[in-house]
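Okay, structure first, notes after.
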Amino acid sequence: MAFHEIKLTVNGGLEQVRIPSNMTLLRMLRESLALTGTKNGCSAGECGACTVLLNGEPVNSCMVLAVECDGAEVVTVEGLAGDQQLDPVQEAIIHSGGVQCGFCTPGVLISSRALLDRNPDPSEEEISEALVGNLCRCTGYIRIIEGVKEAARIQTARS
Amino acid sequence: MEKTNTPKSHSPVGESKPRIDAREKVTGAALYADDIQFGNKLLHARIKRSPYPHARIKKVDLTRARALPGVKAVVSGEDFSGYIGLYLKDRQIFCRERTRYVGDPVAGVAAINPEIAEKALGLIEVEYEVLEPVLNPEFGASPQAPLLHPDLGQYVVASFILPRPGSNISNHFKIRKGDVASAWKKCAAVIERKYRIPHIQHAPLEPHVAIAKVDESGEVTLWDSSQSPFAQRDLIAETLGISQSEMRVIAPLVGGGFGGKAGVSMESLAVAIATKVKGYPVKLLLTREEEFYTAFVRQGLVATFKMGCDKNGRLLAMENTFYWDGGAYTEYGVNITRAAGYSCTGPYEVPNIKADSYCVYTNHPVGGPMRGFGMPEMHAGLEQCIDELALQIGMDAVEFRRRNCLKGGSILPTGGKMHPTGLSECLEKAAEAIDWGKKAPPTAPNKRRGKGLALMWKAPAMPGNAGSSAWIELAEDGMLTLGVGCQDIGQGAFTVAAQMAAAAFGVPYESVRVATPVDTRYSPYEWQTVASRITWSTGNAIINAAHDARQQVLDLVAKAWDETPADLDIVNGMVVSFKSEREIPVKDLAIKGLPKADGKGWMGGPIIGRGNFMPADVTGLDPETGQGEKAVVHYTTGAQAIELEVDLDTGRIDILKGVAAFDVGKAINPDMVKAQMEGGLIQGISSALFECLQLKDGVVQNPSFVDYRIATSADLPKSVQSIIVEVPQDDGPWGARGIGEHSMVPTIPAIANAIYDAIGIRFEGPPFTAEKIYLAMLEAGIVKG
């Protein structure tokens, strides 16, 4: 197995990691960097639990090879909150009751962040569409969608 | 006036407090079992599984696998004897002589990384003699079927489970009440229907994971995603021949359970392998594919209903037969059969009943508990029959239910009396919310619109003596730490536990922390987090613990102030006297006590409260008639109503509105109760429209989220309404009873009844896929091809 040394930015900090060619971004985050907030639900790109931002775009990190991320910028759920304040999507989903078991939550929050970055005032349909790749078995999505709507309001109020 | 177990101070109860674990869950800090770091000593386990539904193991050769560098242990059935199981010990950790489903564990490997472990599986050679499988429960119950468990008569079994050795029937629950045969003659209408409810999978987002370590002295530690750490301690220890106190289970947050992580399943595999590599933690993480075919499935059901009523619509008789597809091992499933048996009439008073509920061994995946524990499957057919019977005598379906549904004092199928219940209120509110009786026009010319409604009931199905316990400690800062052994599987158990402890002791909700993760070495005993029993059972234990701690505080302060405890109270963390109007913060005496009045020495000491709870009056049932005084602790009841449209061009169903109304006794946290109602409704819709574990010759054909579709954010009803009804439970904390499972029980029949209302077609069973609906409409001539 060939190994590679890559450099990338994770949650704003520079990282240098040595990884085998076949290692996914998900495994690198969880195993090499101990960023276990990103979850492994299927390892097949079907459930969205491992969603992270890769250069600003939401991706299933189980479907991306770590070696492809040399020079990239990655944001995981651990990187959403600032020092003093939760991200609006985090704050809003707590308030709306959109968290139950919490296993899909990191992926849901990342997809929601990506949505609000490109569309600060999404409609309910746009939110449903943005989250269609993030499976949730507990909440029935209703309070998650309410949370994203509220997050948009909080974000507007903060800016 | 009802007697409710209601403590004096109750401010945090009844309020929609935010989840106690929300912040850690949104920041990624929340720890799940797979997140725990074990360092580079960690070994990875993989399981060699049977490719055949039924086979005799002729030879297992582990030599080549053992020789692979990086492999630390290879085990098979040879290495472990003994049986395991919750109600019926019919399962071995690894198969010894025979395999009984596709996926049955034959051998296991632990290696330094998952890739080597996987490679080693390929080097294990197993020779099988393929045997005839049983793939249908009705056939399985017949004398012609091959016998899957010839040793059934020797298995250890709970007293209330009734296996039929010499057959594939591992439990036969009967009800014989009144005189069914002569009742039919008095009926103005009788219908007979047969339904097939397919297997489905829990599909929690977090796959099963277990990490086991055995130290040199033989003590076992198991970290896992578990609804049942204490049951696992008990059952795994017993099977391995060690004592329960040598087995420690540490259970961090669970990423969704729905019953699939109750009892013992794959965890025993990790422990068994770990016994062969002492000192090494061994991790077994199921792949998503394994999750679909090797984890507990919701059993399939073949149900026949015969029911009749008089001309006034009064139900006179039911004759119901259930064949449960229990799968290869029915150690847990046997009790689903029993629960369906004693609840066989649905929430209706029926004077004449004959019911037979059979749990049947098949060569299908292992059946186990899933949200509703048999009730969604049973109600799926039953509540359609109720609609059909109403139609046959020309009565409105809501009116028919109004007349027949259980009220407080109604006679139950098991002979006892129903406790006070808000079922009628749920029915009225659900009917009102869906505008029952009013037909709205479809939203487009190519659509047909319909409404449907269904009722439900469900009791916690558990041994009569399933216990809970709790402890409470205070810290120097006045914070209260609550120890519980129940698990938060997403339903919010820890939040509700903290609310109840705060209210019962007299501190704000924010002053309570829950001692997690649940650890059988330090946490108080809890039977299992199942059966929607936690709010009720653990809640009672928490109240008892809080009262114990509270009494210690009040006695101490009363002595110090020369007052009586009855004049004192704890409010917002302050001990206050109504008599002298003195006050003192609890934190000032929580650890160090108080000085004696004469200044010579101290009194009190660290405050620690303890409490337990166990139902005391559940009786057995007669094995021939199913009659007894008190079959279960209580029933939660409710109703759902659905309005939908069927697209004539595609057969696709759009749910326009979903209404849920449940009698929860008392909503400790109303928002979280509603969240259960919503989540259950969507899971119910998912099971009605999409979900089916497709089994062909015993092989699951769709073991992925692509081929086994669950509801996504695009499948929501346009509107959802949740209605809380509160008729208090006399022995519930603040009157509360459970709601976790009930919210998906009536969804399938409510949708089926709405489909009938829209297009006049009924189906043998779900899922009501667009394809199935379209083809049925084609056949019925509603649409033209």
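The values are calculated or read from the model by the stated rules, or taken from the named source; none is laboratory data. Everything quoted here is computed from the prediction, not taken from an experiment. Cβ placement follows ideal geometry from the backbone for every residue including glycine, while neighbour counts extend to all protein chains displayed. Side chains included, ligands, DNA and RNA excluded: accessible areas come from the protein's heavy atoms. Shrake-Rupley method; radii C 1.70, N 1.55, O 1.52, S 1.80 Å.
Considering every residue within the range B:447-459, establish whether at least one is within 14 Å of another protein chain (Cβ to nearest Cβ), touching a residue at least 12 places away in the same chain (Cβ under 8 Å) and charged (D, E, K, R). No, the conditions are met nowhere in the range B:447-459.
Is one or more of the residues making up the range B:34-52 open to solvent by less than 30 Å² (accessible area, probe 1.4 Å), in contact (Cβ under 8 Å) with a residue 60 or more places away in the chain, farther than 16 Å from B:A274 by Cβ and assigned to a loop (DSSP other than H, G, I, E, B)? Checking the range B:34-52: at least one residue is open to solvent by less than 30 Å² (accessible area, probe 1.4 Å), in contact (Cβ under 8 Å) with a residue 60 or more places away in the chain, farther than 16 Å from B:A274 by Cβ and assigned to a loop (DSSP other than H, G, I, E, B).
Within the range A:17-37, restricting attention to residues that are free of Cβ contacts under 8 Å to residues at least 24 places away in the same chain and charged (D, E, K, R), the residue that is farthest from the other protein chains (Cβ to nearest Cβ) is A:R18. Take B:G308 and tell me if it is touching a strand residue (DSSP E or B) at 6+ places or on another chain (Cβ under 6 Å) and small (G, A, S). Considered against the rule, which asks whether it is touching a strand residue (DSSP E or B) at 6+ places or on another chain (Cβ under 6 Å) and small (G, A, S), B:G308 comes out as yes. For the range A:78-92, the count of residues that are within 16 Å of the chain's Cα centre (by Cα) and within 21 Å of B:D34 (Cα to Cα) is at least one.
Considering B:E643, B:E629, the condition of being in a strand (DSSP E or B) and open to solvent by 10 Å² or more (accessible area, probe 1.4 Å) is satisfied by B:E643 alone.
Taking the residues in the range A:12-50 that are part of a helix (DSSP H, G or I) and of a type in the set (K, R) as candidates, determine which candidate is least open to solvent (accessible area, probe 1.4 Å). Result: A:R30. If you go through the range A:136-159 and keep only what is at the interface with chain B (Cβ under 7 Å from one of its Cβ atoms) and basic (K, R), you end up with A:R137, A:R143. Within the range B:561-577, the residues that satisfy the criterion of being open to solvent by 20 Å² or more (accessible area, probe 1.4 Å) and either touching a residue at least 24 places away in the same chain (Cβ under 8 Å) or part of a strand (DSSP E or B) (or both) are B:D562, B:V571, B:N572, B:M574, B:V576. Can you confirm whether B:N404 is touching a His at 6+ places or on another chain (Cβ under 9 Å) and polar (S, T, N, Q)? The answer is no for B:N404.
Scanning the range A:66-119 for residues that are among the aromatic types (F, W, Y) and without any contact (Cβ under 8 Å) to a residue 60 or more places away in the chain yields no hits at all. So the check is Cβ under 6 Å with 6+ separation or different chains; which pairs have a first residue in the range B:609-627 that's charged (D, E, K, R) and a second one that's assigned to a loop (DSSP other than H, G, I, E, B) and open to solvent by 40 Å² or more (accessible area, probe 1.4 Å)? From the range B:609-627, the pairs are B:D617/B:K630. Mind listing whichever residues of the range B:593-618 are closer than 30 Å to B:M462 by Cα and loosely packed, with under 13 Cβ neighbours inside 10 Å? Of everything in the range B:593-618, those that are closer than 30 Å to B:M462 by Cα and loosely packed, with under 13 Cβ neighbours inside 10 Å turn out to be B:A616, B:D617. Among the strands (runs of 3 or more DSSP E) confined to the range B:401-515, the ones with at least 1 residues that are among the acidic types (D, E) are located at B:468-474. The single condition among (1) within 14 Å of chain A (Cβ to nearest Cβ); (2) open to solvent by 10 Å² or more (accessible area, probe 1.4 Å) that B:N702 does not satisfy is (2).
When B:D310 is tested against (1) closer than 26 Å to B:M462 by Cα; (2) more than 14 Å from chain A (Cβ to nearest Cβ); (3) of a type in the set (D, E); (4) touching a residue at least 24 places away in the same chain (Cβ under 8 Å), exactly one condition is not met: (1). Residue check: is A:M63 touching a residue at least 24 places away in the same chain (Cβ under 8 Å) and open to solvent by 50 Å² or more (accessible area, probe 1.4 Å)? Against the criterion (touching a residue at least 24 places away in the same chain (Cβ under 8 Å) and open to solvent by 50 Å² or more (accessible area, probe 1.4 Å)), A:M63 qualifies. Scanning the range B:105-130 for residues that are surrounded by 17 or more Cβ atoms within 10 Å (Cβ to Cβ) and part of a loop (DSSP other than H, G, I, E, B) turns up B:I112, B:I124.
Considering every residue within the range B:388-397, establish whether at least one is closer than 27 Å to B:Q676 by Cα, part of a helix (DSSP H, G or I) and open to solvent by less than 10 Å² (accessible area, probe 1.4 Å). The answer is no; no qualifying residue exists. Sort out which residues of the range B:53-64 are surrounded by fewer than 23 Cβ atoms within 10 Å (Cβ to Cβ) and either in contact with a Leu (Cβ under 8 Å, 6 or more places away or on another chain) or at pLDDT below 95 (or both), and write them in order of number. The answer is B:R56, B:R64. Go through the range A:117-135 and report how many residues are within 7 Å of another protein chain (Cβ to nearest Cβ) and under 23 Å from A:N40 (Cβ atoms). Total meeting the criteria: 3.
Do we have B:G490 as open to solvent by 10 Å² or more (accessible area, probe 1.4 Å) and either among the aliphatic types (A, V, I, L, M) or over 15 Å from B:G539 (Cβ atoms) (or both) here? It is false that B:G490 is open to solvent by 10 Å² or more (accessible area, probe 1.4 Å) and either among the aliphatic types (A, V, I, L, M) or over 15 Å from B:G539 (Cβ atoms) (or both). Of all the numbered requirements in (1) assigned to a helix (DSSP H, G or I); (2) among the aliphatic types (A, V, I, L, M); (3) crowded, with 18+ Cβ neighbours inside 10 Å, B:A590 misses one, and that requirement is (1). Looking across the range B:310-325, the residues that are assigned to a loop (DSSP other than H, G, I, E, B) and open to solvent by 10 Å² or more (accessible area, probe 1.4 Å) come down to B:D310, B:K311, B:N312, B:R314. Inside the range B:191-221, residues that are under 19 Å from B:D519 (Cβ atoms) and in contact with an Asp or Glu (Cβ under 6 Å, 6 or more places away or on another chain) make up a count of 3. Looking only at residues in the range B:669-699 that are closer than 18 Å to A:L131 by Cβ, in contact (Cβ under 8 Å) with a residue 40 or more places away in the chain and more than 8 Å from chain A (Cβ to nearest Cβ), the one that is surrounded by the most Cβ atoms within 10 Å (Cβ to Cβ) is B:I685.
Would you confirm whether any residue within the range B:717-727 is in contact (Cβ under 8 Å) with a residue 24 or more places away in the chain, out of contact with any strand residue (DSSP E or B) (no Cβ under 8 Å at 6 or more places or on another chain), closer than 29 Å to A:V108 by Cα and surrounded by fewer than 23 Cβ atoms within 10 Å (Cβ to Cβ)? Taking every residue of the range B:717-727 in turn, none turns out to be in contact (Cβ under 8 Å) with a residue 24 or more places away in the chain, out of contact with any strand residue (DSSP E or B) (no Cβ under 8 Å at 6 or more places or on another chain), closer than 29 Å to A:V108 by Cα and surrounded by fewer than 23 Cβ atoms within 10 Å (Cβ to Cβ). For the structure I just gave you, tell me whether A:L109 is surrounded by 22 or more Cβ atoms within 10 Å (Cβ to Cβ) and under 25 Å from B:I655 (Cα atoms). No; evaluated as a whole, the condition is false for this residue. I'd like to check something: does the range A:88-96 contain any residue that is within 10 Å of another protein chain (Cβ to nearest Cβ), assigned to a helix (DSSP H, G or I) and of a type in the set (D, E, K, R)? Within the range A:88-96, one or more residues are within 10 Å of another protein chain (Cβ to nearest Cβ), assigned to a helix (DSSP H, G or I) and of a type in the set (D, E, K, R).
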